[in-house]
Amino acid sequence: MKLKTLSVAGVMALAFVSSAQAETVLTVATAGSQNMADYVTDFLAPKFRETHPDVTIRVIGTGPGDAGSNAIVERLEAQKGANAASDIDVAVVHQKAVGGMVSSDLLEKYTAKAKTAKLISSAAAKNALGANVEGYVLPMFQSQTALAYNPDLVANPPESYQELVSWVKENPKAFGYNGIRNGMSGVSFVAGWMYAFTGEANQMINGPFNESLVAGDKWNAALADLKTFNENVTFTPGNAGTLDMMNRGEIAMGPVWVDMFYSWQADGRLNPNVKLLLPKPGMPGQPMYYVVPAKSQHQDLAVEFIELATSPEIQAKGIVEKFNWYPGIDAKYLEGHLDQAAWDKLFTDIKPEDLAERAKAFPIAPYFNAMLTSYEKNVE
């Protein structure tokens, strides 16, 4: 009788567990353009459900640029203030946001539990624009901006920011970008401009912050020249908008994300003749980070999701082959998982040596914020 009772109790317990599992919803909130939400919805979520069939993935896209990450931060801050559990289990955020999230105790220190953390040696996994984020983040991918141009309209593309200034004077309105409010490709272009025309890239990237640079003549002159430059450019409605206007022939050149560029070409949405270049002295790129909110109700499941997302197979097939990003894990771990042709495609226009020399980080947070504030005040 005792055994029967235990058996019935066991069946009831199993039924309860099964019911609970069937109702498990893992919520993934991602900043960035629509392709970010599409990646989670169309690629990662089905892969995760292959091994977790009783888990439903709920994807929330919060939008491009800083505003997308800030929406996630504000949500987590409100829930912390209300002493409530988080309704976000995994978040994908920009590099700029994550330092403040760590210092505000919004995030779980989870990477020691993630088996794939050992596959990442990048400094970006430890430092985000001057903030120590070690243990709190794993890079989803490494992204890079560059200038896209139509060689049918631009026979001799400018190889540097200095040459671009002259080119734009000679070809008014043929260059387009999205300012600083409609996506990070425009912000990246402005950061590259400040690196080029202040001559202080190393200081802005590595710090420490020096108020005298922001208040000085080089900073103000660079902004004044940018305001003049903007008189001859076409403003686009966003990251995708720049590519769309280029495809329609409304502009001949503009800053883009490399991954979006290749995805649009693969989908037939962008003229296959359009090419990329990385102008001297360089333009910034950035990782997007996987983070786990401190008040997530499904932290172990969240770590399993991130482990899948940062595994060599998913990084090869999803990040590089399908979405044309540079991998978040060390590239050497993709061996045996990646079609060599797919890897080579990323270096057709921008050579590895160009990346090594000209792929920059964004400024540390105080310079980054000062740059945006200065643009709003002195350029717009």
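The values are calculated or read from the model by the stated rules, or taken from the named source; none is laboratory data. The structure presented is a predicted model; accordingly, all values stated were derived computationally and were not measured. Ideal geometry is used to build each Cβ from the backbone, glycine not excepted, and the neighbour counts take in all protein chains shown.
Observations on the model:
Every residue, every condition in (1) under 22 Å from Phe347 (Cα atoms); (2) among the basic types (Lys, Arg); (3) touching a residue at least 12 places away in the same chain (Cβ under 8 Å), yes or no:
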site: His94; (1), (2), (3): no, no, yes
site: Val98; (1), (2), (3): no, no, yes
site: Lys113; (1), (2), (3): no, yes, yes
site: Lys118; (1), (2), (3): no, yes, no
site: Leu129; (1), (2), (3): no, no, yes
site: Met140; (1), (2), (3): yes, no, yes
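- Inspection of the stretch 205-221 identifies at least one residue that is without any contact (Cβ under 8 Å) to a residue 12 or more places away in the chain, among the aliphatic types (A, V, I, L, M), under 22 Å from Asn369 (Cβ atoms) and surrounded by fewer than 19 Cβ atoms within 10 Å (Cβ to Cβ).
- Scanning the stretch 357-377 turns up at least one residue that is within 22 Å of Met140 (Cβ to Cβ), under 21 Å from the mean Cα position of the chain (by Cα), in the same structural domain as Ser212 (by TED's automatic domain parsing) and of a type in the set (Lys, Arg).
- Checking Trp264 against (1) in a strand (DSSP E or B); (2) free of Cβ contacts under 8 Å to residues at least 40 places away in the same chain; (3) of a type in the set (Phe, Trp, Tyr), the condition it does not meet: (1)
- Test: residue in the stretch 278-286 that is among the polar types (S, T, N, Q) and farther than 30 Å from Tyr110 by Cα: no
- Residues in the stretch 235-259 that are in a helix (DSSP H, G or I) and either surrounded by 23 or more Cβ atoms within 10 Å (Cβ to Cβ) or touching a residue at least 60 places away in the same chain (Cβ under 8 Å) (or both): Asn239, Ala240, Gly241, Thr242, Leu243, Met245, Met246, Val258, Asp259.
- Residue match in the stretch 139-146 (condition: farther than 23 Å from Met245 by Cβ, touching an Asp or Glu at 6+ places or on another chain (Cβ under 9 Å) and not in a loop (DSSP other than H, G, I, E, B)): yes
- Residue satisfying all of: in the stretch 198-220; acidic (Asp, Glu) and part of a helix (DSSP H, G or I); nearest to the chain's Cα centre (by Cα) among these: Glu211
- Single residue of the stretch 222-234 satisfying the filter (out of contact with any Lys or Arg (no Cβ under 7 Å at 6 or more places or on another chain) and among the polar types (S, T, N, Q)) that is surrounded by the most Cβ atoms within 10 Å (Cβ to Cβ): Asn230
- The residues in the stretch 332-357 that are modelled with pLDDT of 90 or more and either closer than 30 Å to Val102 by Cα or small (Gly, Ala, Ser) (or both) can be counted, and the count is 1.
- Restricting attention to the stretch 290-303, the residues that are crowded, with 20+ Cβ neighbours inside 10 Å and either aromatic (Phe, Trp, Tyr) or assigned to a helix (DSSP H, G or I) (or both) add up to 3.
- Conditions (1) touching an Asp or Glu at 6+ places or on another chain (Cβ under 8 Å); (2) without any contact (Cβ under 8 Å) to a residue 40 or more places away in the chain; (3) not acidic (Asp, Glu); number of the one not met by Asn35: (2)
- When restricted to residues that are more than 23 Å from the chain's Cα centre (by Cα) and either at positive phi or not aliphatic (A, V, I, L, M) (or both), the stretch 129-163 contains 11.
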